[in-house]
Each structure stands twice: as structure tokens, then as C-alpha cells.
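The structure under discussion appears below in the form of C-alpha cells.
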Amino acid sequence: MPLKNATLIDGGKAVGLDWTSGEYARFHALWLRDNAPDGATRSATNGQRLITLLDIPVETKITAAEISAGGDLTLTFAPEGKAVTYSATWLAAHIYDRRPEQKAGWLAPEIETWDGRLQARMPVVGHEESQADRAAFGQWLAGVRRYGFGLMTGVPRASGALIDVARMFGYVRETNYGQWFEVRAEVNPNNLAYTNLGLQAHTDNPYRDPVPTLQLLACLENTVDGGDSVVVDGFRAALRLSDEDPKGFALLTRHSARFEYAGSAGVRLRAKRPMIELGPDGELIAIRFNNRSAAAFTDIPYDDMAGFYAAYRRFAEIIEDPAMEVTFKLKPGELFIVDNTRVLHARKSFSSSGTRWLQGCYADKDGLLSTLAAIEHEQKEAA
């Protein structure tokens, strides 16, 4: 998408750019200088910035703007007298001259919320296919980014095999539960997950800061009646609450809940975060919901507490609405992954006869998103 015109604004403190597509955007001179792609400003090896903001003169302005025959932009900055060329495509991808989102709870464009109707089109990939076909693996990772969960089939039925799956895209997050943990019924368990009871939809480990952002659960054996896995899109639930009760939504975003865990000797984990977390610009970025791990809420003013509990109750009702659920029974050799900052998972109760043996581990989204970005870059380069 080439440029067709560049106009200096405010004595060169900014520039207005017109693309042939009809797009128009303004950029500040200081921003452009700070993001100059030349080898003296950024490393050609790793892309990291080689200068600090204090190395850029505070009085920086643009003295000349030229568009090449190919539609790229060359700017000359004063007082350095430095000329820098910018790709029109790069500039279009980094436009910040937009009206800010007005409604709290907006989502990034790569995120798609869902309810039970996603049942027939869950992101699924075979283990062998994911190893042999990088494009297929990338498509699955993109599905996890879009929907917040995915299913993998054909995983080796060996203890710890889920660790190898996590390492396909990132790194395992070790916790007090170990590098991985067993999920099966125990006598006097230190966590209710290790019983045959049903579990309310929840995000894991909200008592950690930072919270593990991905969870993997792999099935090794499953001969019990019941025990179906359930996933619920916490973002869709939060947006439903926002539509129904904007004031209640605001209470859950504005006030922090407290979470704690003290189920093992020598372990006392505590964290304080909102159940529905927004970025400074109102973007919906995280859900923390776990009734079992909720501590007493002590950071909510008296006058807001009744409204907070009403919103908390309604949020729980929306999460438990059967229309919100995608349900499946894991078979041996199947694994599912959830974005633990978005998708809640639950389990139906199961019989005491038979065997249900799952293993779980934690990882983080930075590794998954990095691997996905690398695959997408490879595909773009090959096109």
C-alpha cells in the first residue's frame, strides 16, 4: 500500500500521510525519529533500539519529506540533519492516529468470542501433523490465539508427554505443584481438582502474580462415567455482563478481588487483581474467576460491596449458563490447552469406578505467540 502524499504539520513537529488506498494518518516527528529503522538506531541483528530517548534532541522536527517512486517515505530530521527511509507498509501497520475506543471492554481484532455454538468447530490438530506440518501447527496456534483454547489428538500416552507438547511452542512454567501435576482422585487431597467431584468453571491459580497464562491437560486413561471437560469463554461472559449491567461490570473491573492458596506445607500464595481486568485504554485483557480460591474481599468500599456481590453473582450465573459451554470428554491421547487469562474450564463429576488419569502443566502465552508470529513471518517471507 504505497504513499502518495506527505505534508509537514505544525512547523515540522508532525507529518500527515496519504496512502493510495485513501487512508490518512498523522505521525509526530519525535515518534518517527524514535522508531527510525536505520542501522544506527536499531540493531540489524535483533531489531533492538541502540539509542535512548535522551539521545534524540528534544527540539527534533522534520525539515523535508519525500516519497519515492515505490511509495515509501524519506524524512530529514533537524537538528541532526539525519535522513531516514520508512516503508509505507510499515507505517500503515503502525498508525496510532485513531479515535480511541469509547466502550470499556473492547477486544483486539484477532480475538473472537464464542459460546456453545463453537462446539462443531473447535481448533483441533493431530500430534503427528503438528510436528510434520509447520503450517498446520501454526493454524492451530492461531486458533488458540483467536478462541483461547484448542484440542490436540494422538499425543503419546506416556507420563510427562504434555511437557514435550508445551516445548513445541514455548516453555513450561514450573510451580509448587511441580513441572507437571497429576489429576486423579486422591484420599485427603490438597486440591479439590484431585477428587471425583464436579468443578465449577474457573481459571487456574488466580492466587499467583503473575498468573500462569496457559494450562495444558493431557489424558492418559479415562474409563469413568462422567468427568466431561467444559470450557467457557470468559470474555464472552464479561461482555454479556457489560451489556446487561454496565454498572456491575464496572464494579468488577474497578475493584480488586483477593485470592489465596495454602493447601501445602510451606506454601502461602496470595494475589490481588480484578475479576475482569481492563487495560488503561479499556481493552479487555484478563479474567480471574475461581470461587474455591477466593479470599475475603477487603478492597471494596462498604457502599459498593452489595453491588459488587450482585455483579459477582450475575457473572457466575452467566458463566454457568449451559448455552455458554463447549463440552467434550477427553480420550486417552488427547490434550487440551486453555488461555488461563480468558477461558474458564470445568469438569463434570464422575463415578468412583474406573480410572480417570490426567496430567496438567502450565506455560505462558509469550512463547506461544512468539512461535505463532515466527511461523506467520516465515509464511509471509515465502509468499
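Numerical summary
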| quantity | calculated |
| --- | --- |
| Full-stretch length increase - Asp321, Gln102 - with 0.36 nm per residue and alpha-carbon distance subtracted | 76.0 nm |
| Per residue value of the accessible surface for the stretch 86-142 (all protein chains in place, 1.4 Å probe), Å² | 61 |
| 222 nm mean residue ellipticity, helices alone, for the chain (DSSP H n ≥ 4; -39,500 (n - 2.57); rounded to 500) | -7500 deg cm²/dmol |
| Stokes-Einstein translational diffusion, the stretch 257-327 - Kirkwood Rh over all Cα pairs, 0.890 mPa s, 25 °C, in µm²/s | 174 |
| Nitroxide proxy distance, nm - points 7 Å out along Cα→Cβ at His377 and Tyr309 | 5.2 |
| Formal net charge of residues neighbouring Glu110 (Cβ-Cβ distance under 15 Å; K, R +1; D, E -1) | -1 |
| Gap separating the Cα centres of the stretch 319-375 and the stretch 121-143, nearest whole Å | 16 |
| Where the stretch 152-308 is the region considered: accessible area per residue in Å², 1.4 Å probe | 45 |
| Cα-based radius of gyration of the stretch 250-383 once divided by 2.2 N^0.38 Å, which approximates compact folds | 1.35 |
| More than 22 Å apart - percent of Cα-Cα pairs taken over the stretch 71-172 | 58 |
| Nearby lysines by direct alpha-carbon distance to Lys13 (threshold 18 angstrom, same-chain neighbours under 8 apart not counted) | Lys61, Lys82 |
| Inter-centroid distance (Cα atoms) of the stretch 60-83 relative to the stretch 1-40, Å | 9 |
| Cα long-axis angle, helix 234-244 against the chain (0 to 90 degrees, to the nearest 10) | 80 |
| Percent accessible area from carbon and sulfur atoms, the chain, protein chains only, probe 1.4 Å | 50 |
| Spin-label pair Ala64/Arg167, simplified geometry with 7 Å Cα→Cβ offset, distance in nm | 5.6 |
| Compactness of the chain as Cα Rg over 2.2 N^0.38 Å, two decimals | 1.18 |
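The values are calculated or read from the model by the stated rules, or taken from the named source; none is laboratory data. These numbers come from a predicted model, not from an experiment. Backbone-built Cβ (ideal geometry, glycine too); neighbour counts: all protein chains shown. Areas reflect the complete protein model, heavy atoms only, side chains present, ligands, DNA and RNA absent. Shrake-Rupley method; radii C 1.70, N 1.55, O 1.52, S 1.80 Å.
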